[in-house]
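Coordinate-derived values only; no laboratory data. None of these values were measured; they are calculated from a predicted model. Here the Cβ positions follow ideal geometry from the backbone for every residue, glycine too, while neighbour counts run over all protein chains shown.
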Amino acid sequence: MSISPNSPWIRKPLHAVYQHDQNEQQQLHRHLTVWDLLGIGVGGTVGSGIFVLTGQIAAQYAGTWTWCSFAVSGLAATCSGVCFAELSGRIPAAGSSYAYAYVCFGQLAAIVAAACLTLEYGIAGAAVARSWGDKVLLVIFSGDAPNESSSSSSSSLSSSWMNVPALLISALSTLLLVKGVKESKTATNFITMMKMLLVFFMIVGGFWLSTTRTHNNSHQSSMPTAGILRGATSSFFGYLGYDEVCCVAGEAKNPVRDMPRAVLGTLGLVTITYVTASIALTSMVEDPQDISPTSGFPSAFRSRHVEWAAEIAAWGEIVTLPVVVLISLLAQPRLTYGMAQDGLLPAIFAQTDVHGNLVMGTFIQGTAMTLLAAFVPFTYLNDLISAGILVAFSLTDASLVVLRRESPPSDPGLLERYLIGYNVLCFLTAILVSHETWWVVQTALAVFTALSAALTLVYMTFQCPASTQFGGTLLHCNQSGNVSSSAPFPDSHYFQTPWVPLIPCLGMAVNWYLIAQLEVFGLLLLGLYLGVVVLLYLIFCLNGTAPSWAHQTEYVSKSSSSEDAISLISLGHHNFDNEKQSMLSEQDEILNYSSAATRNQRLARRNSR
């Protein structure tokens, strides 16, 4: 089935992804080891989960069972994490969810994914810089380390027309990245190590204070199931950021091996850190409700009269928070690089210097991020950013299902219809469960939509069989007929997510439930934002120049017959043999020419003697 190169539904073929991967090896130098990738993942993730969420959940929801909330949310995050782990190894291209959506759902879905990732990278990075700047200004004007009263005081500072510290930290991050990723990764690894040492200090201090005081178990109670689940909902947002490591897959030395290790290693380390820190924090105080919701560890240390430890914990957050800004700015140019490679953005965003650095793309987007951080307060954008990230997660989960499952030949497109229906039902269920009005009617509707979603998953599992190869029967053939959809390595070389489509669908359900917990205003902002992005795409990009691979690719879609696929495969092998023989002949001619040239040079040197 032929699709126009300028269609919003055109999918990027896998052979074009692997070809771009070869080009990226020439343009974006592969120099990131698994330890560098772990530094990016952990540095971009560990932050508010330790410094804010542990205290908030302990004081307001789960008490001494806060560690259970983080364990539950870590398990939920892993459902999407394993999808990122497999796709980042199989499709090691710059762009993360954008690249996966382009392959599986087409150009329009890729644009939506890119818009959501921009919220996670560029906009969220500017928001973190602004928050850091507010804390610095508070310290400057108050003369004390930030404490539990900081949030109320910083609200007035965040409304000022210009935030100089936010401007400076964003500008310094931009200059460091313009100099090169090889240089900036040293700073990233160093600050991440400092952050983890600080967290280790707080955890050890918490356990030490717990073991040296008289234990009082009067406040221990039975497990508050409702509080644990509510805390898990809040703590999940402490895991956002682990996927940023997927955006630098184009610079990993061995992406097939290292990307899954980096993604899963990040989730494992972060979960262990959060769980251990929660236990340490709640063990320091007699009553978890005495913990400050905004400054957990400093307030707990002060309650134990260890002021110097409270000062270290408070100042440590200010010292280590800039690494989140640096990593966000590191990921954003890689996203626009992938879009520029596909012709969706100007070519300037894909330009690299002799060392493989995205100098112009980093400078342009770093400047924009600096201006946003300096002049725009982000008071009402937190829910918008969180919702955008979760939509990108759901697109990634669905992408893995499309690549690992396929529609039956008798009903092409069935898998895609099931996925759309499942996501809609999950969102409706989440809305009905989260916002109660007419209790009886709403509960009945929630049960109906939840059962319908579960039934859709069952039908999808049994009616859409597993693909015989990664990518299913969507064979991608170039104009000469060569089948090029196979990966560089057999499936045994790649990490594979177990229990597909169950695990990805659980990830989608979790994502939609979390989206439903956000404020309606934030969801409306996301809808408006994505609507504007799609409108701009339809106006400026849809009728523009199609990417080069679009003119060199014909599709054997899932609606094509098996005979057509077999004939194209046979034609591909025939043409491949002819091209291979032609290439060998050309190589023989080059070798003969080189040998003749070498003999002539030797004769010339002999005659000169």
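Key figures for this structure:
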| quantity | calculated |
| --- | --- |
| Translational diffusion of the stretch 218-310, µm² s⁻¹ [Kirkwood Rh, Cα pairs; Stokes-Einstein; 25 °C; 0.890 mPa s] | 153 |
| Integer Hz, Karplus 6.51/-1.76/1.60 couplings in order for the stretch 162-177, x for Gly and Pro | 8, 10, 5, x, 5, 4, 5, 5, 5, 5, 5, 4, 5, 4, 5, 6 |
| Separation in nanometres of the label points that stand 7 Å from Cα toward Cβ, at W208 and F540 | 5.5 |
| Residue-span extension gain [W499 to F141] - 0.36 nm each, minus C-alpha spacing | 123.4 nm |
| Amide proton proximity set for R405, modelled H, under 5 Å, gap of 5+ | S467 |
| Per principal axis, descending, Cα span of the stretch 68-139 in whole Å | 48, 34, 18 |
